[in-house]
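Take a look at the structure below.
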C-alpha cells in the first residue's frame with residue numbers, strides 16, 4: 001500500500017513512499033484472538049478488540065523468539081563466511097549470505113543494515129551492494145496495540161486529550177509509527193509512537209550486529225569496525241528517547257531562527273513522553289513528486305535550500321542531522337524545506353568542523369601536508385603515506401563538486417555507479433595495505449554526504465557548489481564556533 005505522507009517526516013517513507021501497512025504485517029501475538037467490537041467510545045469509531053486467551057504452556061515470548069531468529073541469522077553468516085574462506089569462496093558469496101540472513105528480519109537491524117549500505121567505504125563493495133537492495137519491511141501496530149501503547153504513555157484518558165486520532169498509521173518504520181491527530185485547540189498533529197519493548201529489541205540486534213561485523217575484522221577486512229559500530233550503537237540508542245528528540249528539535253529551531261528556507265515542527269510537550277512525540281503536522285510534497293512538478297530553476301533552489309538546511313548547522317554550530325532520508329523532509333510550494341525526524345543528531349567538536357574545511361582547502365591547493373593534518377584532526381591515527389593516498393581517492397570523490405567554480409550537476413562525478421567503483425578500488429587498496437580504523441565521527445558525516453548526494457541526483461540540480469560552500473564557510477572561525485556552540489542546549 002502506498003503512503004503519501006505530507007508532513008510526518010517519518011523515516012518509514014522510502015524512496016517510493018511504500019510502507020508495510022497491511023494487516024498481515026502487524027505484530028500479532030499467537031495468544032490473541034481478534035473479534036469485532038461494538039465501538040471504542042472514541043468519536044463513535046468501531047474497533048478491533050483483542051481477548052487474551054490462555055497462553056500455551058512454556059510458550060516463548062515474542063522478544064525471545066525474535067532474539068533466537070536474529071541470533072540464528074548471525075550464526076548462519078558466521079558459519080557461511082568461515083566455510084567460504086576455508087573453501088576459497090569469494091566475497092560475493094559471503095555478501096549474498098549476509099543479505100539473506102538480514103533480509104527476513106524486521107526492526108532496528110534492518111535500519112542498521114540500510115545505514116551500513118549508505119557508507120560505501122565501510123563494507124566490502126559486494127556487501128554494500130547486497131544490503132542496498134534491502135527495503136524496509138516494518139510492520140505497523142494494529143489499533144488495539146496502539147490504544148494500549150497510547151494509554152501507557154498518556155494515561156487511560158488519552159483519547160480525551162485529542163479532538164481526533166486516526167486509527168490507521170500514516171507511516172511505519174523500524175522503531176515506531178506515525179498517526180495523524182488533531183489537538184483540542186484544532187492544531188493538526190503528527191503523533192510518533194514507539195513500538196513496545198524497543199530497548200531490549202535494539203540491544204539484542206546490536207549484539208548480533210557486533211558479532212557479524214566482527215567477522216569482517218577476523219577474516220581480514222579493510223576497515224576495522226569497532227569505532228564505527230560504537231557510533232552506530234550510540235546513535236540508535238539515542239533514537240529511542242523521544243524526549244531527547246524533542247530537545248533536538250528545539251536546538252534546530254534555535255539555530256535556524258527565522259530562516260525562510262526551512263521549517264521545523266513544534267513539539268506539544270503535554271502530549272509527548274519518552275516513547276511518544278506529538279508535534280505539529282507540516283504540509284508539504286514528497287521530494288520525488290516535487291521533482292516532477294518543478295522547473296529546473298525551482299529544482300536548483302530546492303537543492304540550494306537542502307544544502308543550507310544540512311550544512312548551515314554543521315559549519316556554524318558543529319551540529320548535523322545524520323539522516324537525509326527521503327522521508328525526513330517534504331517540499332513546500334515556495335520550495336522551502338520541511339525538516340523532520342530529529343532522532344539522529346550528532347554534535348561534533350569544533351576541531352572536526354575545522355578539519356572538514358581544511359580538507360577542502362588542501363584538496364583545492366593539492367597541499368599534501370594539509371591533507372595529512374586534516375586526517376589527524378579528523379581522528380585518523382598512525383596513517384602511512386600509502387594509506388593517506390588511498391583514503392584521499394575517496395576524499396576527492398566526495399569533495400569533487402565543491403572544487404570547481406562553475407555551475408554543474410552533481411552527477412558529473414557523484415553518480416552511484418562511479419561511487420561504487422571508487423569505493424571498491426579504495427576497499428581493495430586498503431585491504432592490501434593492512435586496513436584502517438575509521439574514526440567514529442566519520443560515520444555520520446559520510447552518511448550525510450552520500451545521502452545528500454542522492455537527493456541532488458533525484459533533483460537533477462545544476463548548482464555552483466563551489467560558491468555555495470565558500471559562502472557558507474567564508475567567515476569560519478574556530479573561536480566563534482566554540483562560542484555559538486556553548487550557547488545552544490546540546
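The values are calculated or read from the model by the stated rules, or taken from the named source; none is laboratory data. Predicted model, so just to flag it, every value in this text is computed and none were measured. Here the Cβ is made from the backbone with ideal geometry for all residues, glycine too, and neighbour counts use every protein chain on show.
Tabulated data
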quantity: Among (1) part of a helix (DSSP H, G or I); (2) at pLDDT 85 or above, the one test that residue 475 misses; calculated: (1)
quantity: Elements of type helices (runs of 4 or more DSSP H) contained in the stretch 172-272, each with 2 or more residues being within 30 Å of residue 305 (Cα to Cα) and at pLDDT 90 or above; calculated: 226-238, 242-256
quantity: Residue list for the stretch 383-418, restricted to those being closer than 23 Å to residue 227 by Cα and either at pLDDT below 85 or assigned to a helix (DSSP H, G or I) (or both); calculated: 385, 386, 387, 388, 389, 390, 391, 392, 393, 394, 395, 398
quantity: Single residue of the stretch 373-382 satisfying the filter (touching a helix residue (DSSP H, G or I) at 6+ places or on another chain (Cβ under 6 Å) and modelled with pLDDT of 90 or more) that is surrounded by the most Cβ atoms within 10 Å (Cβ to Cβ); calculated: 374
quantity: Among the residues listed as 353, 347, 319, the single one being crowded, with 20+ Cβ neighbours inside 10 Å and under 16 Å from the mean Cα position of the chain (by Cα); calculated: 319
quantity: Hey, residue 331 touching a helix residue (DSSP H, G or I) at 6+ places or on another chain (Cβ under 8 Å), closer than 20 Å to residue 266 by Cβ and free of Cβ contacts under 8 Å to residues at least 60 places away in the same chain or not; calculated: yes
quantity: From 359, 279, residue being touching a residue at least 24 places away in the same chain (Cβ under 8 Å), more than 19 Å from the chain's Cα centre (by Cα), crowded, with 19+ Cβ neighbours inside 10 Å and closer than 28 Å to residue 230 by Cβ; calculated: 359
quantity: Scan of the stretch 440-489 for residues that are touching a residue at least 12 places away in the same chain (Cβ under 8 Å), over 30 Å from residue 291 (Cα atoms) and surrounded by fewer than 17 Cβ atoms within 10 Å (Cβ to Cβ), ordered by number; calculated: 476, 478, 482, 484, 488, 489
